[in-house]
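K.L.:
My questions all concern the structure below.
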Amino acid sequence: MQTQSNCIPLTEEAALTALDRCVEQVRLNLPRYAGRCQNHSSVNGIYPACDNVQWTCGFWPGEIWLAWERSREDGFQAAGLSLVDSFYDRIVQKIEVDHHDMGFLYSPSCVAAWRLTGSQKAREAAILAADQLLTRFQPKGAFFQAWGPMGAPENYRFIIDCLLNLPLLYWASRETGDPKYADLAGRHARTCLANSFRPDGSTYHTFFMNPDGTPSHGETCQGYRDDSFWARGQAWGVYGSVLSYRYTKDPAYLDVFRRCLAFYLTRLPEDLVPYWDMIFTDGSDEPRDSSAAAIVACGLLEAAHWLPPEEAARCERLARQMLASLTARYAVPQPVPGAGLLLHGTYSKKSPYNTCTPEGVDECTGWGDYFYMEALTRLTGNWYPYW
């Protein structure tokens, strides 16, 4: 585990300063998004407000709860609980929930609210979201189908992002005492480990299964092409694998974490922030994806809890280097109403080989802001994850 970067690791003092700047930005944004959510990505640096209908809507309340943990200001708690009402209504009314992203939606919004305030409504909403995620499970192949009508051949697939949805299920098993949630989470994770990770540690964005449940093939949707290395997918692999270890203590997940991280590190430019697809590296004029660096920093800091001391220390140092680069070169320099926290993210960039809709290129992204703030929070205290 090494890089050739000259980035000086972020100090405790600098991490606190950067986190307080994030809190200031979230505070400034509260009136603009009162009772609403932020769009998945900014437009010219400013987030449009949106209704609670996107898969990314959980990240804005996650930032609010992180800000409350740092500041203990009543306004943050009130805003977070107000959004619990919105998320409860969304899952009860089944508004745009027929997909696998229940963890992205309900872990940083409602699991966080339950842990921090004891809100029974938040707990109920999160358990209902876990129940909803179970409806996406495909027994033939043992995976959560990401999108589309269940069983449709063109959508009989899972995506690597789902590793971050699984902690909601482990939480639900612990809360309810029902092992079914954790059982299906483990089955999906094992399918993902067997198929989404290539032998060299790189990852497929999406993986298709045959109708009989046997593996078919990997493709991309948002990466450059099927055989390239979509940066955010690689980051989900790093963080998601170690989160699976957190709940299962199966050493296979740490082995995958190490392989996935090792590949990621071989494709980084000098400043440790990847291009949107890691087929590109130093000297390219392609856009970066700062959100991937923030996600990986969280994965490194999570791994530091579970690895032998020397390896854990290397993980923490590397995370501090990545966060030093993000803070110095990618953080929004001055708080502005409607702005995010982290510049130069990429949601979805069109290439000659992918099928995605181009949007949110070289902008702030909701998950980039959230995971940047989570990583800084991890550095500044004994933080208990929402995941």
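K.L.:
Kindly provide the set of residues from the stretch 68-124 that are assigned to a helix (DSSP H, G or I), over 22 Å from Ala185 (Cα atoms) and among the polar types (S, T, N, Q), ordered by number.
P.N.:
Ser71, Gln77, Ser82, Ser86, Thr117, Gln120
K.L.:
Can you tell me which residues in the stretch 30-67 are open to solvent by less than 50 Å² (accessible area, probe 1.4 Å), in a loop (DSSP other than H, G, I, E, B) and in contact with a Gly (Cβ under 6 Å, 6 or more places away or on another chain)?
P.N.:
Across the stretch 30-67, the qualifying residues are His40, Ser42, Tyr47, Thr56.
K.L.:
Given the conditions (1) closer than 25 Å to Thr346 by Cα; (2) without any contact (Cβ under 8 Å) to a residue 60 or more places away in the chain; (3) surrounded by fewer than 24 Cβ atoms within 10 Å (Cβ to Cβ), report the number of the one that Ala313 does not fulfil.
P.N.:
Condition not satisfied by Ala313: (1).
K.L.:
Turning to a different aspect of this structure: Checking the conditions here, which among Gln234, Gln222 is within 19 Å of the chain's Cα centre (by Cα), closer than 26 Å to Asp369 by Cα and open to solvent by 10 Å² or more (accessible area, probe 1.4 Å)? Show your work before the answer.
P.N.:
On the way: Gln234 fails: open to solvent by 10 Å² or more (accessible area, probe 1.4 Å).
Exactly one of Gln234, Gln222 is within 19 Å of the chain's Cα centre (by Cα), closer than 26 Å to Asp369 by Cα and open to solvent by 10 Å² or more (accessible area, probe 1.4 Å), namely Gln222.
K.L.:
Do we have Glu96 as charged (D, E, K, R), over 27 Å from Ala375 (Cα atoms) and open to solvent by 40 Å² or more (accessible area, probe 1.4 Å) here? Before you say what the answer is, go through the steps one by one.
P.N.:
Details: charged (D, E, K, R): yes; over 27 Å from Ala375 (Cα atoms): yes; open to solvent by 40 Å² or more (accessible area, probe 1.4 Å): yes.
Yes; evaluated as a whole, the condition is true for this residue.
K.L.:
Limited to the stretch 133-190, what total is found for residues that are in contact (Cβ under 8 Å) with a residue 40 or more places away in the chain and polar (S, T, N, Q)?
P.N.:
Number of matching residues: 4.
K.L.:
Still on this structure: Hey, among Ala331, Ala375, which residue is farther than 19 Å from Leu105 by Cβ and in contact with a Cys (Cβ under 6 Å, 6 or more places away or on another chain)?
P.N.:
Working: Ala331 fails: in contact with a Cys (Cβ under 6 Å, 6 or more places away or on another chain).
The match here is Ala375.
K.L.:
Moving on to the next point. Out of all the residues in the stretch 49-88, which are of a type in the set (Asp, Glu) and touching a residue at least 24 places away in the same chain (Cβ under 8 Å)?
P.N.:
Hits for the stretch 49-88 are Glu63, Glu69, Glu73, Asp85.
K.L.:
Pick from the stretch 351-378 the residues that are among the hydroxyl-bearing types (Ser, Thr, Tyr), in contact (Cβ under 8 Å) with a residue 40 or more places away in the chain and in a loop (DSSP other than H, G, I, E, B): which of them is surrounded by the most Cβ atoms within 10 Å (Cβ to Cβ)? Before you say what the answer is, go through the steps one by one.
P.N.:
Keep residues of the stretch 351-378 that are among the hydroxyl-bearing types (Ser, Thr, Tyr), which gives 351, 353, 355, 357, 365, 370, 372, 377.
So of that shortlist, the ones also in contact (Cβ under 8 Å) with a residue 40 or more places away in the chain come out as 351, 353, 355, 365, 370, 372, 377.
Remaining after also requiring in a loop (DSSP other than H, G, I, E, B): 351, 353, 355.
On the way: Ser351: 18, Tyr353: 13, Thr355: 10.
By that ranking, first place goes to Ser351.
K.L.:
Hey, another quick one. Looking at (1) of a type outside the set (A, V, I, L, M, F, W, C); (2) surrounded by 17 or more Cβ atoms within 10 Å (Cβ to Cβ); (3) within 20 Å of Gly141 (Cα to Cα), which is the only condition Ser202 fails?
P.N.:
All conditions are met except number (3).
K.L.:
Then there is this: Name the residues in the stretch 318-350 that are of a type in the set (A, V, I, L, M), assigned to a helix (DSSP H, G or I) and surrounded by fewer than 24 Cβ atoms within 10 Å (Cβ to Cβ), would you? Write out each step before concluding.
P.N.:
Residues of the stretch 318-350 of a type in the set (A, V, I, L, M): 318-319, 322-324, 326, 328, 331-332, 336, 339, 341-343.
Remaining after also requiring assigned to a helix (DSSP H, G or I): 318-319, 322-324, 326, 328.
Ala324, Ala328, listed by residue number.
K.L.:
Another question about this same structure. Please name all residue pairs, on different chains or six or more residues apart, with Cβ atoms under 7 Å, provided the first residue is in the stretch 34-48 and is basic (Lys, Arg) and the second residue is part of a loop (DSSP other than H, G, I, E, B).
P.N.:
Sorted first by the residue in the stretch 34-48, then by its partner, the pairs are Arg36/Asp51.
K.L.:
Could you count how many residues in the stretch 125-150 are part of a helix (DSSP H, G or I) and of a type outside the set (Gly, Ala, Ser)? Can you show your working first?
P.N.:
Pass one, the stretch 125-150, residues part of a helix (DSSP H, G or I): 125-134.
With of a type outside the set (Gly, Ala, Ser) added as a condition, the list becomes 127-128, 131-134.
So the answer is 6.
K.L.:
Can you confirm whether Thr17 is surrounded by fewer than 18 Cβ atoms within 10 Å (Cβ to Cβ), among the β-branched types (Val, Ile, Thr) and within 15 Å of Glu374 (Cα to Cα)? Steps first, answer last, please.
P.N.:
Values: surrounded by fewer than 18 Cβ atoms within 10 Å (Cβ to Cβ): yes; among the β-branched types (Val, Ile, Thr): yes; within 15 Å of Glu374 (Cα to Cα): yes.
Spelling it out, Thr17 is indeed surrounded by fewer than 18 Cβ atoms within 10 Å (Cβ to Cβ), among the β-branched types (Val, Ile, Thr) and within 15 Å of Glu374 (Cα to Cα).
The values are calculated or read from the model by the stated rules, or taken from the named source; none is laboratory data. All figures in this text were calculated on a predicted structure; none of them were measured in a lab. Note that each Cβ is placed from the backbone with ideal geometry, even for glycine, and that neighbours are counted across all protein chains shown. These accessible areas exclude ligands, DNA and RNA; they are computed on the full protein's heavy atoms, side chains included. Shrake-Rupley method; radii C 1.70, N 1.55, O 1.52, S 1.80 Å.
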